[in-house]
Amino acid sequence: MLRSHFLNMVIFSVLVSIFFAFLTQNDRRERLKVMAILFLSMVVLSLLIAYAMYPFPLNTAR
Amino acid sequence: MRSGGGSALVSCVLAWLLPGAGHFYLGKRRRGAVFFCVVLATFLLGLFNEGRSYLADGQQPLTYLATLANLATGPLEIISRHATYHGLVYALPADENSPAAQALLKSMRDKVKEVTDEYGTTYLLTAGLMNMLLILDAFDIAIGRKS
């Protein structure tokens, strides 16, 4: 079992970016470009959202 | 319907039966191999992370969509369904208090207790959704709408 949030996110992003790069592009260079853009977008945006959510408490009912 | 090097119906059925097989049939062998590896890896990660297949539940309409996404993985889905419910069950019985429904709910709760269940379930759903897109893509290639 993969218990690391970050590792799961990276693996998921890699698989999804490869999938969509091959689904939408035929040229090798274009595929690599789409793969990189998708992967970086998913990972960087997730980290930014996580950082923005950091100040919020997990349980407000305390 | 036949265009672009193969029958649309055959390519769609093959794509459902085995991820990437539709593309392989249409002559896109490299692309088919990549799709096979990616969908299989996603599905196996789902199993490895204790993901669960969904059951269609009349009281929760969204479970129909989730069950459909699971089914889109093709015959591979039998493995994950068997791992979750120890059999091929696709819908929760109407009477949730019946012994059969209670047994299914217990199997589901056993999976939910696993710490990685959410990840695993997401991987399984994603594998199904990817294969759904592959079926549509194979159809588009077969009718000549896409190269």
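Would you work out the relative contact order for segment A:5-53, in percent, from Cα pairs under 8 angstrom that are 6 or more residues apart? Intermediate values should be presented prior to the final figure.
Details: 23 pairs, mean separation 19.1, N = 49.
Here the relative contact order equals 39 percent.
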Cα point-scatterer Debye curve for segment B:5-142, base-10 log of I(q)/I(0) at q = 0.09, 0.16, 0.20 Å⁻¹: -0.29, -0.78, -1.06
For B:ALA56, distant residues with modelled amide H under 5 Å away: B:ALA91, B:LEU92
Mean separation of Cα contacts under 8 Å, 6 or more apart, over the residue count of chain B: relative contact order %: 38
Cβ-Cβ FRET estimate between B:ALA101 and A:PHE6, R0 fixed at 41 Å, reported to 0.05: 0.60
Listed residues B:LEU44, B:LEU68, B:LEU14: farthest to the positive end of the dipole of segment B:5-142 (Cβ charges): B:LEU14
Cα-projected label distance for A:ARG29 with A:LEU48, points at 7 Å along beta-carbon direction, nm: 2.7
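Laboratory data are not the source of any read-out in this text; all were calculated from the coordinates shown. As the structure is a prediction and not an experimental result, all values here were calculated from the model. FYI the Cβ positions are ideal-geometry reconstructions off the backbone, even for glycines, and counts take in every protein chain you see.
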